[in-house]
2 protein chains.
Amino acid sequence: MMGKERSLQLSPIGMIYSRYKDRGEVPYQGRRSKEISRIEVFKKFKEGLQDIEGFSHIIVIYWLHKSQGYRLLVRTPWDDIPHGLFTTRSPHRPCPLALTVVELVARDSNILKVRGLDAIDGSPLLDIKPYIVAIDERSVVKSGWLEGKLGRERC
Amino acid sequence: MMGKERSLQLSPIGMIYSRYKDRGEVPYQGRRSKEISRIEVFKKFKEGLQDIEGFSHIIVIYWLHKSQGYRLLVRTPWDDIPHGLFTTRSPHRPCPLALTVVELVARDSNILKVRGLDAIDGSPLLDIKPYIVAIDERSVVKSGWLEGKLGRERC
């Protein structure tokens, strides 16, 4: 089994600039925020953005560069009870990958302005995918322990 | 700028087993498929699955291990015109990361059975996140060049 746990390598395709300088400044749900973040796609990848203005929402995948280690059972702002890490959106994960659906507000060459991104300033950008309702939306779901808890963070 | 393009390292947290042995066997939209895939979460991460049975849908992030290189402008099955890579879900990307929202059908210890996963057999599993309507769903969107094209693949 050890052979399967090989290391995989990624090179960022860009960089995220936001007003969140630290984890503590990021809202629990970036979606609620009206803040605009700026995504720089490195110039050599710019051609890959062609036609992106037509999409109102995109999926941003980025590296949680401030993440340090992880626990498999975590407490969240929504519950007293710890839950399995993979049932949470905790930023502290074995593979520190984050994905956020954001609103694409504007594009200027290789710079995208987006709303609703919960990334810390300086997060390496790994990928951008179009958000496609027919693929990404699931209307009827069970949300496990999170049911009815979102929006009711404990202080 | 070169300093920002450093290499990042990931170690898989599991392995995906499916009946798709090659890219050509994977349906364009895994969601339509009734096929069941099996996700093995390596035993050392098993505790992180606690409570996951309560979720009907999860987001699976995996490594596109058969991906070889990429083009910044790509033709898709949905259009004659090439489009920017980041406006497509092509598996050939600078960072070969895939994400799919799947239906969680059953759990047996560290094995999850899921429906709607479009991963090739042997894909390294990187992360599992709960699919949360309040976070992940966007009901009103513009889908750019893809508008009205999904479900109408060209032969």
Lys/Arg +1, Asp/Glu -1 at C-beta; the protein assembly as shown dipole; positive extreme among B:G54, B:G122, A:Q9 | A:Q9
With a point put 7 Å past each Cα toward its Cβ, work out how far A:E35 is from A:R6 in nm, to one decimal.
-> 3.9 nm
Taking the label point 7 Å from Cα in the Cβ direction, how far apart in nm is B:D108 from each other copy of itself, listed shortest first?
-> 5.7
Could you sort A:H65, A:H57 by accessible area so the largest value comes first, with the probe set to 1.4 Å?
-> A:H65, A:H57
Quantify how much of the Cα-Cα distance distribution of segment B:100-147 extends past 11 Å, in percent.
-> 79 percent
Where the only charges are on Cβ atoms (+1 Lys, Arg; -1 Asp, Glu), what is the dipole of segment B:1-133 about its Cα centre, to the nearest 20 debye?
-> 180 debye
Working from the pairwise distances between different alpha carbons, so that the mean of 1/r is found and then inverted, what is the protein assembly as shown's Kirkwood radius in Å?
-> 19.7 Å
Roughly what would the spin-label model give for A:R107 and A:E25, points 7 Å off Cα along C-beta, in nm?
-> 2.8 nm
What average count of beta carbons from other chains do you get within 10 Å of the Cβ of residues in B:8-18?
-> 5
Find every distance from the label point of B:G122 to the corresponding label point in the other copies (7 Å from Cα along Cα→Cβ) and write them in nm, one decimal, shortest first.
-> 4.0
7 Å along Cα→Cβ, label-point gaps from A:E25 to other copies, nm, shortest first | 4.9
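Place a +1 charge on the Cβ of each Lys and Arg in the protein assembly as shown and a -1 charge on the Cβ of each Asp and Glu, then give the dipole magnitude about the Cα centre in debye, rounded to the nearest 20. Display every interim value, and only then the final one.
Values: 52 positive and 38 negative charges, 59 e Å.
My answer is approximately 280 debye.
How would B:V133, B:V74 rank on accessible area, largest to smallest, probe 1.4 Å?
Numbers: B:V133 45, B:V74 20 Å².
Sorted by accessible area, descending: B:V133, B:V74.
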Positive-end extreme of charge dipole, segment B:1-134 - chosen from B:W78, B:S67, B:G24 (charges on Cβ) | B:S67
Expected integer from the mean partner chain Cβ neighbour count at 10 Å over A:37-47 is 3
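Is there a simple number for the mean count of other chain Cβ atoms within 10 Å of the Cβ of residues in A:63-74, and what is it?
That works out to 2 on average.
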Mean-position separation - Cα centroids, segment A:51-121 and segment B:17-78, in angstrom = 19 Å
At 1.4 Å probe size, with no ligands or nucleic acids counted, give the accessible surface of B:D22 in Å², nearest ten.
-> 80 Å²
How large are Rg and Dmax for chain A when only the alpha carbon atoms are used, in Å?
-> 16.6, 47
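Let's see if you can work this out: charge +1 on each Lys and Arg Cβ, -1 on each Asp and Glu Cβ, no other charges. What is the dipole magnitude of segment B:45-106 about its Cα centre, in debye to the nearest 20? Walk me through the numbers on the way to the answer.
Working: 6 positive and 6 negative charges, 88 e Å.
Dipole magnitude for segment B:45-106 comes out near 420 debye.
For segment A:1-137, what does the relative contact order come out to in percent, with C-alpha contacts under 8 Å and a separation of six or more?
Values: 256 pairs, mean separation 54.8, N = 137.
Computed over segment A:1-137, the figure is 40 percent.
Express the accessible area of chain B per residue in Å², computed with a 1.4 Å probe while the remaining protein chains stay in the model.
Numbers: 6960 Å² over 155 residues.
Here the per-residue accessible area is 45 Å².
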Amide H within-cut-off set for A:S123, under 5 Å, with H built and near neighbours excluded | A:I16
With every protein chain left in place, what is the accessible area of B:I111 in Å² (1.4 Å probe, nearest 10)?
-> 40 Å²
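The values are calculated or read from the model by the stated rules, or taken from the named source; none is laboratory data. Fair warning: this is a prediction, and the values are worked out from it, not measured in the lab. Using ideal geometry, Cβ is built from the backbone for each residue, glycine included, and neighbour counts are taken over all protein chains shown. Note: areas computed on protein heavy atoms with side chains; ligands, DNA, RNA excluded. Shrake-Rupley method; radii C 1.70, N 1.55, O 1.52, S 1.80 Å.
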